[in-house]
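Single-structure report; data block below.
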Amino acid sequence: MAKTSKQQSSKADKRAQAIKAAAVPVSSDVEPNRPASGPLSGREVLAIAILLAVGFLVRLMFMPGEGHSTDVGTFEAWTLSLIKYGIHDFYDKAGFVDYPPGYLYVLAAFGWIYNLFSHANLPFDALKFAIKAPAVLADLGLAYLSFLLVRRTWSTNAGLWALALVVFNPAVWFVSAYWGQGDSVTAVFLVWSVYFMVTKRFELAWLMFGFAVLIKPQPIVVLPALLVWQLRSGAPLWRLAFIPLIGFAVAYGGSVPFAPDAHPVNVLSWLYERYHTGTALYPYNSCNAFNLYSTRLDFWQPDSKLIPDLPYFHGWPQWAWGVTIVSAFVFAVSVRLWRTLASDSTQAERESSFYTALFLSLLGLFMFATRMHERYLFSALAFGPLIFNVSPLNRVIYFILSGTFLVNLFYALQYLYAPSADLAPQIVHPLSILNVACLFLVAGAYLVPEIGESLNNGLDRLRAGFASITRRDAPLAWEGLIGLTRADVMIVIGLTLATAILLYTNISRPAERIFDEIYYARAAQEYIHHLPQFEWTHPPLTKLILTIGALIYKVDPVGARLMSALFGTLTVPLLYAFAKRLFSSTAAAVAAVVLLVSSGYFYVQSRIATPEIFVAFFALATIYCAYRLWIAAQIVKSPKGVIYPDGSRIEQNEVAFEFGERLPLRNAKLQFGQQTAQWTAAGVHIEEAGNVIDWKKDGSISGSTENRPALDLQRWVFWLVMTCLAVACVISSKWNGLFDLIGIWGIALAVSLQRRLPWVPETERGATPKRFLWGNAYGFRLPLFVLGTLVVATSVYLLTYIPFFHDGTNSGVGHSGLKDLITLQTVMYGYHHGLKATHPFSSPWWTWPLELRPVSYYSHDLTKPGHVPIISEVIALPNPFVWWIGLITVPLSAWLAWRERHKGMMFCVAAYFFQWLPWMASTRIDFQYNFYPNTAIICLCSVYALVRLVRWARESSHTEPRRLRLARLLAGVYLAVCVLSFAYFFPVLSATPITRQGYNHRMWIPVTCDEGQKHCSGWN
């Protein structure tokens, strides 16, 4: 018996070895998991090109934005002055200039390009694009340099992630593409200098460093680290003599064209005066920078205050303490760097230590020096991707600092409109403390290795605590397969009827047209009476739908409101069906509907005759239909055979994978974490955690999940048509529907690129084959998808303009043919692009998730003389318990969806951002209702968090039986709080008369406005 057992074991071992050997890729031109310093491979070039192109397009969308009007206006004035006066006379004739000459060369170069096209009739602000372009291009250069550095230190894949961190970090492109500042130009020369340092081209490194300092003086703080690196790199000492020579050449050569005369002493004195002028303009502890000085004190306090100012020792001024602390900190970092660059250290250890020293030096300057502006953190963040792989602590710190930096930038923009030394202490002081804590953590980990080891071990233990949410290495095979049951149909009918009763009750209150009903309800009457359209600035579809209601019920504007309430009601079954597909849970679907109906925002938008409820409905329909298409296109029949959702296919008694691996069909059974996948001639059989799914050769998917039958016949053509129609309707409602079109294109492209980009590392010898994790990369049939959406969207858009050819508009454009229609579109664009107006309820895009300025649609004082003040109000006020929780659940959902490979929730998170962030580029005033389409997304993300909480509690219930009850209780309590708070705010949502005192109790955020009353925040 023992011998037989050994023989069986031996056979099993040989079989396993054969499977491993067979799983080796056929060919590979890159080793993505090892350091590389040679020429780029074809796949690397393709990956870099695509990521940089996408990054450029993202920035291109936000370049038209107003940004920081003072900085943008200053750069525009300097650019025009450089064009008019030239370089030599610039400082004498340009007026206020607080920059050294480095960045002025950049502005002069792009100003020359602008001047070439200044007389062309371009459809955008060419000057604004010219002054933002240097920083945008520097972003891309910074990303590419980060890739090269991390590639040589870590691996190709790590380099691609570093590149992506730079390209897609909103804190990076916000500064360049939206704000309009040039911090990335300084950073790119600084990182370029580091690249030359690690490749031992020291003279070029000092040249790039010199130009970085010529742009802004802050990089000077890393000089000791650069010097230590060269000394410890084994370079001949005589090469150090080039440093002062190169420094003098850059300082003199870069300054003499601007300086009054060419004498070296005078030129250097002139350059010093430029630096001194720039720093002397802001003699304050902190100029809106979240650093040490704002942990307790307000901004903009004089830094000449003596510390400690004792009777027998007056002390030093605060700025001198700052210089001293920074100097001591940089010295300590440089000493540590010297010690870590020992000859017995590996290349990765040496370079990682070097990057960390640079990061700490720049971060220390920002935290400890006075006169820091909020943007000066950028240079430190530029080195974040280089140390991202050093430790878990560094990754956490990078994300925290990116977040606080973004908030700091928003704060500075708000300060521009409402200057105050104490604008938001409840935000400033905690985030300043967090920033300083981040510095101490990273510095402690670097300077004292034992601290670093302890911190990283703690993070590893914390990560182990989330073992149930470990990143999957296999596709989520059963996602989206559970549809509505008979019980679901009965439930959704009941919820829909209840919603209809809620929305239609008292829909005539108030009886007159309110807010933009003066345009849209009027438009319905104009269509009925064949009059020219007064409201021509938006596409016609929503106005045509409102006309149907006005025809059915003749009372204006109530008839038009009937259609808004109808589409609000129809949102309920749509959201229910979406949630059921996402979570395979009736309870979760009900919870999503409850959150939507109790959101408050939904109630208001469903009872006013304006486009937002239609835009939101069609946008949600677009996302739902595109998701169903994603799920229905998992099995693709091609000339090579059937391609299964993970990219595998059967070829000549072998299982072939997309990245070249092959397995013999008779042995094709592999384990991927908890998932077992077995390939046969009939298809693929998958088992995981009680779920059983079969991908069949006939193109269908069947099985069971959580003991419920699952079946999908892969009817992708139907869902392609529905997606095309849905996105056509949202574009024909408002032009921001284009965000959804570009968004679903982006999702389809990202899924398709799974077969192109090396995001999934190439398989090493003997490793498990790699599979598509986000659905079949061939499923969207990208050319057909793009063409279909374009054709249908164009056709529907044109059809909605049929009444235009009969009735015309008040735009001044004719209505006799297609040419007039095209002219109207250009006039519409010109109206929105050039609109310069103010409104007491307008708000910048970044405030919308924070609910800082809800729009009041109607307000009427009903107070009778001698009686208690009574008010009737309709304010589009989102329920804060639904809205603000999205600040947590949306990013949480992104993390959970990424770890679980949940396609639908990752789609929802992407939709949240592609329906919101493009508003950053808007050049006109905007309103919070533009964010309304994300209400349903927030509800889905919150439900996802609850579902995950209950699932975690269920999985651990065998050891902690109380957890499941507590999780369900917490979910129930949260839903109850949302419903009760909706009832609490109901009077101010529905024009129900309420006392002024009761009204004030519901306005939680007091109103504050700038001096001109042009920019306000608060509720009412």
Q) Pairs 640/697; 93/132; 669/697: which exceed 21 Å Cα-Cα? A) 93/132
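How much length would be gained if the chain were fully extended between residue 518 and residue 487, taking 0.36 nm per residue of separation minus their Cα-Cα distance, in nm to one decimal? Can you show the working numbers first?
Details: separation 31, 0.36 × 31 = 11.16 nm, distance 4.31 nm.
Extending this stretch completely gives an extra 6.8 nm.
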(Q) Which aspartates and glutamates, if any, have their Cα less than 18 Å from the Cα of residue 200, not counting same-chain residues under 8 positions apart? (A) 349, 351
Q) In nm, to one decimal, how far is the modelled label at residue 46 from the one at residue 265, with both set 7 Å along Cα→Cβ? A) 6.4 nm
Q | Which of 116, 240 is most accessible, then next, and so on - probe 1.4 Å | A | 116, 240
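Residue 126 to residue 721: extension gain in nm, 0.36 nm per residue of separation minus the Cα-Cα distance?
Details: separation 595, 0.36 × 595 = 214.20 nm, distance 3.92 nm.
Computed gain between residue 126 and residue 721 is 210.3 nm.
Any idea what the alpha-carbon Rg over 2.2 N^0.38 Å comes to for the chain?
On the way: Rg = 31.1 Å, N = 1020, 2.2 N^0.38 = 30.6 Å.
My calculation over the Cα atoms of the chain gives 1.02.
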Q | Principal axes of the stretch 123-215: Cα extent on each, largest first, Å | A | 45, 32, 20
Q) Given the alpha-carbon gyration tensor of the stretch 135-273, what are the semi-axes of its equivalent ellipsoid in whole angstrom, ordered largest first, with each equal to the square root of 5 times an eigenvalue? A) 29, 22, 9
Q: Please give every one of the aspartates and glutamates within straight-line cross-link reach of residue 580, meaning a C-alpha to C-alpha distance under 12 Å, and leave out same-chain neighbours fewer than 8 residues apart.
A: 479, 488
Q. Can you give the accessible area of residue 201, probe radius 1.4 Å, in Å² rounded to 10?
A. 100 Å²
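Please report the net charge: other residues with Cβ closer than 14 Å to the Cβ of residue 482, K and R +1, D and E -1.
Here the count lands on +1.
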Q. With Cβ to Cβ distances under 10 Å as the rule, what net charge do the other residues near residue 85 carry (K, R +1; D, E -1)?
A. 0
**Q.** Alpha-carbon centroid distance for the pair the stretch 136-167 / the stretch 35-107, whole angstrom
**A.** 19 Å
Q: Would you rank 61, 367, 906 by solvent-accessible area, highest first, keeping every protein chain in place and using a 1.4 Å probe?
A: 61, 906, 367
Q: Run the dipole for the stretch 341-490 about the Cα centre, Lys and Arg Cβ at +1, Asp and Glu Cβ at -1, nothing else charged, and hand back the magnitude in debye, nearest 20.
A: 260 debye
Q) Carbon and sulfur atoms: what percent of the 1.4 Å accessible area of the stretch 175-251 do they account for? A) 79 percent
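Relative contact order of the stretch 966-1020, please, whole-number percent, based on alpha carbon pairs below 8 angstrom and at least 6 residues apart. Walk me through the numbers before you get to the answer.
On the way: 26 pairs, mean separation 10.5, N = 55.
Relative contact order here is 19 percent.
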**Q.** Whole-number accessible area per residue in Å² for the stretch 197-350, which is evaluated in the context of all protein chains at 1.4 Å
**A.** 51 Å²
Q.
Can you compute the FRET efficiency between residue 89 and residue 280 using 1/(1 + (r/R0)^6), with r the Cβ-Cβ distance and R0 = 30 Å? Round to the nearest 0.05.
A. 0.80
Q: Taking a cut-off of 14 Å between Cα atoms, list the aspartates and glutamates near residue 864, but don't count ones fewer than 8 places away on the same chain.
A: none
Q. Of 825, 856, 815, which is farthest along the charge dipole of the stretch 801-871 in the positive direction, counting Lys and Arg as +1 and Asp and Glu as -1 at C-beta?
A. 856
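Sort 888-901, 671-684 for me by packing, meaning the mean count of neighbouring Cβ atoms within 10 Å per residue, highest on top.
Top of the packing list down: 888-901, 671-684.
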Q: Using only alpha carbon pairs under 8 Å that are at least six residues apart, calculate the relative contact order of the stretch 740-891 and give it in whole percent.
A: 12 percent
(Q) With the crude spin-label approximation of a point 7 Å out along Cα→Cβ, what separation in nm comes out for residue 810 versus residue 70? (A) 4.0 nm
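Defining a contact as two alpha carbons under 8 Å apart and six or more residues distant in sequence, what relative contact order in percent does the chain show?
Working: 1678 pairs, mean separation 122.1, N = 1020.
Normalised by residue count, the contact order of the chain is 12 percent.
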Q. Tell me, what is the Rg over Rh of the stretch 478-558, with Rh the Kirkwood radius over Cα pairs?
A. 1.17
Q) Expressed as a whole number of Å, what is the distance separating the alpha-carbon centroids of the stretch 806-877 and the stretch 539-579? A) 19 Å
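With Cβ to Cβ distances under 15 Å as the rule, what net charge do the other residues near residue 198 carry (K, R +1; D, E -1)? Write out the running numbers ahead of the final one.
Details: positive: 151, 152, 200, 201, 232, 350; negative: 203, 349, 351.
Local net charge: +3.
The values are calculated or read from the model by the stated rules, or taken from the named source; none is laboratory data. These figures come from a predicted structure and were not determined experimentally. Please note: Cβ atoms are built from the backbone with ideal geometry, for glycine as well, and neighbour counts cover all protein chains shown. Quick note on the areas: whole protein, heavy atoms, side chains included, nothing else; ligands and nucleic acids left out. Shrake-Rupley method; radii C 1.70, N 1.55, O 1.52, S 1.80 Å.
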